[in-house]
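The values are calculated or read from the model by the stated rules, or taken from the named source; none is laboratory data. Here the structure is a predicted model, which is why all the values come from computation and not from measurement. All Cβ positions, glycine included, derive from the backbone under ideal geometry; neighbour counts span all protein chains shown. Note: areas computed on protein heavy atoms with side chains; ligands, DNA, RNA excluded. Shrake-Rupley method; radii C 1.70, N 1.55, O 1.52, S 1.80 Å.
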Amino acid sequence: MIISARPAAAAATNLCSDPTLKSASVQSTLQVKIHGVDWPSLTSTTQVSVPESWRGTSDLFGDASQQGTALACFTPVNTYDYEAAPPDIAVQSAVDGQPALVNITDIVTMTDSPEAGQTWREGPWTVTKQSSGYDVTFHGQHLLADGTWTVTVEAPGLTILHPLPQPTTDDGQGDLTWSFPAPKQPAKQHHPAPQQVPRVSVSLPGPWQVHMNLASDLWPARWFTDATWTLGDGIVFDVVVLLLSWRLLRRKRRGNSETRSLLKSLTGKRRVLRLPEERLPWTVLAITCLSVIAYAGYPIDDYLWHTSYGAATWTTENTLLICACAAFFLSGLGVRRFLILMSGVALFGGVSIIGASDLSLAPVAYSGDNSADWGVYNLLILMIPLLLAMTFAFAGAAAWISRLWPFGAGRWDGLVRRRSDTWLTGKRRVAMLVVGALVASALFLGQSAGASYYYWLHSDLWRQGPGALTWVTLTLVNGAHWWIADGIQWALHYTILVGAFAVLRTMRADARGVFFGPYSSDRGDLWLMAALAGSFAIGTGGLYDGISLPIPFIVAFVLLITWGLTRRLSRLDAEATIENAPVGNDVHPPESLLGRYQNDILAASDHGSATAARGRRGSRPSAPADTDGGTSGERDLIPLKPPPRAGSGAEAGADHPAPQLKLPWRVNPGVIALALGPKGIWWDNGVAAVKAGMYLTIVPIAFDIYILWNSGSLSLVNYLFGLQDAVWSIANNLVGWLTGLFMFGALSVYLRGVRTPLKGAIFGLIAFAAFACDAWLRNALGVTPYPTFVVDGLLAVALFATTGLLLDLGTLRIHNDQKLIDNIYRLGSVRVAVTYATTLVIVGVSLWQAVYLTSQTAQQRAQNLSTAAQQLNQSAGSGNQ
């Protein structure tokens, strides 16, 4: 190998010392960007101009090996830097006596992130991450004969410390330049020996946005950054679901105290098994705790994942991952505990065997030894644990969701279905589920392998490094441990989401018209529902350059509690009474009086509207007209239809005056009746809101997907699980808007406002405020902007306001045959018409503007893909995580 390499080296030396390079020039620039991005990016740009008569010109347009030999005179090659495109090489024709030139532009971009190593090469630059920022070093190639080298560092916003050697120019704003002309050579020396360009070293400490990225393995502050990331990614949602499940469990235990006492007296045991209705909260608690444990493992794994003990760590972590996923799947099938234990033992033994066969391979993968010649067999062996874990996780999620799904018959409230009562009846369907999960897992891993191959094509342009299969294997193995703590959340997230809905549905039956029961105070329930609205509808996102804070959730929760929600209608329902109630027709406390007599309340509103109309025609009204479209605002008694009694006609009701609903204060009956919603129970109102507005969500969902696609977030070549990211993004977008509709319907009775469309506008404005605060903080910190927050906020306002109008129409259709909605809304008024028209115009203009501006910057999509690719490139090239 040494002998065969000498001619190439000699050829390269002759090319670099060719006298025709006396008019050549090389300009190398390193640009560091810390503002306007989530993670700092460093871009190395090498621009070379050489005479066309240079002997290496033909090599520049030759095959990969020849091109690499010629380019080596100006920039290092085969350092496995990701390049979105090969170097741009163009010939500039001779003009005005000036000789023709060949212009070369080579651009390499590296995005810093926790996956990046502490040191990486980027063209002629070496970047080393320090706790205070970066140290960058320029390693020049040979000095050109009579040529000129220019080296520039552009780092706005960063402090420049102790640059060596001293720069030729320094503007004091983070822009330094060094110029290195070639030394004079003796006239008689036709082939001067090339000399090295002086080494340039610069220290770039800067603001916390840079040094808080903390990609070095053992920095203690990385615990903080990774812990905050888990908060925004799902810990907040998990905590809310834990509180919700525990609250249901306490109420089930309180309601089952007499049953437990009876069982204890019959069995004589101090401890009895959990009752069937307690299995739901216990199940959701257990699955949510598994999610929390997995999240906790994410920062812990940062200190376990190390090259010196990579083999043992790889075997142990993958074994635990498979066992956890297998137990999740088997418990979802309803397998008995001892079978789960035996299956876990068998899996542990099987994975140990697999791990033993990998002890000779894993250290190579973790050390980044690209010289290893790996084959398909090695790749399959290393991927078996991850494939098994993904299969068990996906199949387990499907099994548990089918047993927890809350939208079935009412008899399932509070219970976990048996597998035989779901679509997974029989062994054949279980086998089909496992096969389907296996195929999906294989597709996800296949996409990852394809993305890795795509990066290999752009990271070894001159094909002198490791083969494609070795590169793919290294990439997948180094990226597989990401699934150990975070990837399992793909399956757990939707299982917990369905479990939370199942718990909510269980709580609907004993509601006082709206909420959780006839307790002295519903403030705790209101806080919990506000937290769920923040988690479901608004989300817990917010990534700020290494520190993730759930700003949208915090803002939504605070605004809902302090301003958006009120218990006025709940108090009205609790304090209402019935006068002249017939004996034997008492209303029990858990039932809502307002909900029970919703038809009578609407009838009173219609009567008041008719009376007001007669008054406008000249008749004397029986009561002054209400400003909201009826006269009943001046009354606190609402006549009710008497219930049927034994006997007939006047005889039956002669001695019994008509019952009346007495309210504690004067209200507009029409507004109150519509505020109860079409169903009267908060859960059913939430479902009705989803049915009413689900087709309206097509517009915001299509817009969000368009933005994601245009930004490159849905690309299948993204690192590392692009297919999973695309499915996850689309599914989350769909689920987010639908759950937002549900929470609006469930909370509409408690939302501030008079009419339901106004309540929808308030709910949308809260979402708007959450988006705006997220955008403001991003702008204040100078990280990736949130340019579409205005459109997203306006879409939320329009969606929920329109859904509120549809809910009122549904209420009238169900409870009122006359459908006199105009008496309550006065839809024909100019003010209402102008308001609706203006809202639609604003939303339409905002949509057009967002799409137009985004299409103008569509070229940034390639740049986003390029920067995202650097994470995989660094991982596969160095083997460090």
Of 679/759; 691/759; 662/691, those spanning more than 28 Å from alpha-carbon to alpha-carbon
662/691
For residue 345 and residue 421, compute 0.36 nm times the residue count separating them, minus their Cα-Cα distance, and round to one decimal in nm.
24.4 nm
Largest first, what is the accessible-area ranking of 316, 425, 29 with a 1.4 Å probe?
316, 425, 29
Using a 1.4 Å probe on heavy atoms of the protein chains only, the accessible area for residue 754 in Å², nearest 10, reads 70
Return P(r) of the range 44-171 (all Cα-Cα pairs; 5 Å bins starting at 0; whole %; ordered from short to long distances).
2, 8, 17, 20, 18, 14, 10, 7, 3, 1, 0
Quick one: Debye curve from the C-alpha atoms of the range 662-809, no solvent, what's log10 I(q)/I(0) at q = 0.09, 0.12, 0.20 Å⁻¹?
-0.35, -0.58, -1.16
Over the range 664-705, what portion of Cα pair distances is larger than 13 Å, expressed as a whole percent?
65
Can you tell me how much longer the chain between residue 561 and residue 734 gets when fully stretched, taken as 0.36 nm per residue apart minus their C-alpha distance, in nm with one decimal?
59.7 nm
Over the range 400-488, what per residue volume does the convex hull of the Cα atoms give, in whole Å³?
125
How big, on average over all directions, is the shadow cast by the Cα convex hull of the range 735-782, in nm²?
3.9
Please report, in whole Å³, the volume per residue of the convex hull around the C-alpha atoms of the range 700-764.
86
For the range 704-780: accessible area per residue (Å², 1.4 Å):
33
Output ordering of 533-544, 692-703, 483-494, 63-74 (per-residue mean of other Cβ within 10 Å, highest first) is 533-544, 483-494, 63-74, 692-703
Karplus-derived 3J(HN,Hα), 6.51/-1.76/1.60, for each residue of the range 478-495, Hz, glycine and proline x
5, x, 5, 5, 4, 6, 4, 9, 10, x, 5, 5, 4, 7, 5, 4, 6, 5
If ligands, DNA and RNA are left out, what is the accessible area of residue 162 with a 1.4 Å probe, given in Å² to the nearest 10?
150
